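Just below is one structure, and these are the notes that go with it.
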Amino acid sequence: MRLLLNALLTTMATSRVGRVGIIGGGVGGCSAAKTISNALGSAVEVTVYEIGRGPGGRAATRRTREFPGLHVNHGAPTAQIVTEEGRKAIEAAGGEEVNGGHGTLNSSTGEFQEKEEGGWLFVGEGGVMGNLAASLIEGTGAKVKTKYNSMVRGLERTANGDDGSWILRNGAGEILGEADWLVVAGSGVAHPRWTATFGNEPPLVEAAKALGDSQLDSSLKTIASQTAAPVIAVFFVLSGSEAQRWLDLPFKVAKIEGNEVLGKVMIQMTGEEGNEVAVVLHSSRAFAETNKGVYGSTSSAKRVGGAKSDKGKEDELNAMMLEALAEIPQIPEVPMTCKYGPVLHRWGNAFVVGEGLSRENSMCRDAKVAFCGDYVETDAPLSSIECALLAGKQTGEAIVKEIKGGA
Ligand SMILES: Cc1cc2nc3c(=O)[nH]c(=O)nc-3n(C[C@H](O)[C@H](O)[C@H](O)COP(=O)(O)OP(=O)(O)OC[C@H]3O[C@@H](n4cnc5c(N)ncnc54)[C@H](O)[C@@H]3O)c2cc1C
């Protein structure tokens, strides 16, 4: 059997049997890319299109040219893993298990309580969350093409079934690439929230109108029913004795209880010598919801997508979150000048809310569209890194099966 498979793959390697275009270089898209590329090697051309400057998505790590050694996990601080399959997947992405310093912080008393949640906690290699997605496509011999700073803003399929291909376009209408299979790993191109930001119909919804594919229509209906919980992140970096005051606190990741503005506070080691501290604040969902229209000047939505943000409002929210932090007893004062920041970043779609897209509808065979990411049903909870990892694997495996079946 193995010999037969190897012979098939060798034949396939000499004649390319498929092109897979993946929209989104988060953990989900990179997990799918790795699965497909590892199974089919050079027989398939896998391209990841990503708005950001690199992979990671909501599990990305902010860096700055100004201070080359700095890295700040401004999205997901850790991954809670609850399944054995998820544990294997995150280990394969170079994930490192962490323990201790996770719990709740009472915002009136400043008291921290350590809380063990079920499962295991992981971070990316070296504590860098962005390394999870990066190691999936950059390591292990996977040959995946990446197109960063590339936002897919137009989609069309030339025909249904085997004869057609997907055409991916940028905002100027130019062709970014073509693919036989399209993997939607960032649900934005398929979700009505696209219209609120960019004005026109979501590209996949527009393309689906011409296809008349009932399964794709049903998938799009489920995606449209999902909503998103936003989070505003504010982060800054300190060094020397100012960093030490934060290191003396008993927590690394604390959920803040009883605070209308803040939801979480994280303390991370950073810097070229690993002795500086990044403090990351996540707002409460309610605070982010009542303060819309602010993205942060370096956000991808603003940089590549052209979404408008209000700088005055950005400074105001930044100040409000820092004030809320200062009111918590025992929290060190934030100096007037930090080594870096405070920087604000809005995660408009931090968490998916609603029903997950079913496994069955994550694979639309006739339209040759597949979906993956933390909005797709897996054995892990929706809206988690584990879910994104497993959904990427499951969708990747389904595409491999289709490509092999048709070869
Ligand atoms: C503030 C915050 C805190 C979190 N905390 C946790 C936590 O503690 N534990 C946990 O497990 N999870 C947490 N999460 C959730 C976790 O980060 C996500 O579940 C996971 O990263 C989702 O991965 P994904 O690949 O499905 O989606 P994403 O990471 O969103 O990846 C999708 C990618 O697609 C790109 N993209 C979208 N549209 C286009 C387009 N048109 N063209 C090109 N590229 C496009 C985006 O830029 C993005 O990089 C948190 C998230 C946030 C924001």
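None of the figures in this text is laboratory data; all of them are computed from the coordinates on show. The model shown is predicted, which means the values in this text are computed figures rather than measured ones. Please note: Cβ atoms are built from the backbone with ideal geometry, for glycine as well, and neighbour counts cover all protein chains shown.
Of all beta bridges that DSSP places with both ends in the range 19-153, some 50 percent have antiparallel geometry.
Note on Ser218/Lys145: beta-carbon distance plugged into 1/(1 + (r/R0)^6) with R0 of 25 Å gives a FRET efficiency of 0.20. Antiparallel beta bridges, as assigned by DSSP with both residues in the chain, represent about 65 percent of the total such bridges.
Considering only Met336, Met129, Met363, give the residue with the highest GNM mean-square fluctuation for the chain, with springs between Cα atoms whenever their separation is below 10 Å. Maximum fluctuation in the GNM of the chain, among the listed residues, is at Met336. Between Glu84 and Asp163, the simple spin-label model (points 7 angstrom out along Cα→Cβ) gives 4.8 nm. Other residues lying with their Cβ under 15 Å from the Cβ of Thr109 contribute a combined charge of -2, Lys and Arg counting +1, Asp and Glu -1. Potential lengthening of the chain between Asn99 and Glu327 amounts to 79.3 nm, from the contour at 0.36 nm per residue minus the alpha-carbon distance. Every helix of 4 or more DSSP H residues in the chain counts as -39500 (n - 2.57), and over all residues that averages to -9500 deg cm²/dmol at 222 nm. Computed 3J(HN,Hα) for the range 270-282, one whole-Hz value per residue from the Karplus formula 6.51 cos²θ - 1.76 cosθ + 1.60 where θ = phi - 60°, is 8, x, 4, 9, x, 10, 9, 10, 9, 10, 10, 10, 10, glycine and proline marked x.
Using equal-weight Cα scatterers in the Debye expression, the normalised intensity of the range 169-326 in log10 at q = 0.08, 0.10, 0.15 Å⁻¹ is -0.36, -0.55, -0.95. Tally Lys and Arg at +1 and Asp and Glu at -1 over the other residues with C-beta under 13 Å from the C-beta of Thr395: what net charge comes out? Once positives and negatives cancel, what remains is +1.
What percent does the relative contact order of the chain come to when contacts are Cα pairs within less than 8 Å and at least six residues apart? List each step's numbers first, then the result.
Numbers: 931 pairs, mean separation 88.6, N = 407.
Relative contact order comes out at 22 percent.
Taking 0.36 nm per residue of sequence separation and subtracting the Cα-Cα distance, how much length would be gained by fully extending the chain between Thr195 and Phe67, in nm to one decimal?
Result: 42.4 nm gained on full extension.
3J(HN,Hα) along the range 169-179: 10, 8, x, 8, x, 6, 6, 8, x, 10, 8 Hz, from the Karplus curve 6.51 cos²θ - 1.76 cosθ + 1.60 with θ = phi - 60°, whole Hz, x for Gly and Pro. Among 34-47, 63-76, sorting by the average number of other beta carbon atoms lying within 10 angstrom of each residue, highest first, gives 34-47, 63-76. Near Phe67, once Lys and Arg are set to +1 and Asp and Glu to -1 for all other residues with Cβ below 10 Å from its Cβ, the sum equals 0. Once Rh for the chain is found with the Kirkwood sum over Cα pairs, what is the Stokes-Einstein diffusion coefficient at 37 °C and 0.692 mPa s, in µm²/s? The calculation lands on 150 µm²/s.
Under the membrane-span-like helix rule (DSSP H runs whose alpha carbons stretch at least 27 Å along the helix axis, mean Kyte-Doolittle hydropathy 0.5 or higher), the chain yields none.
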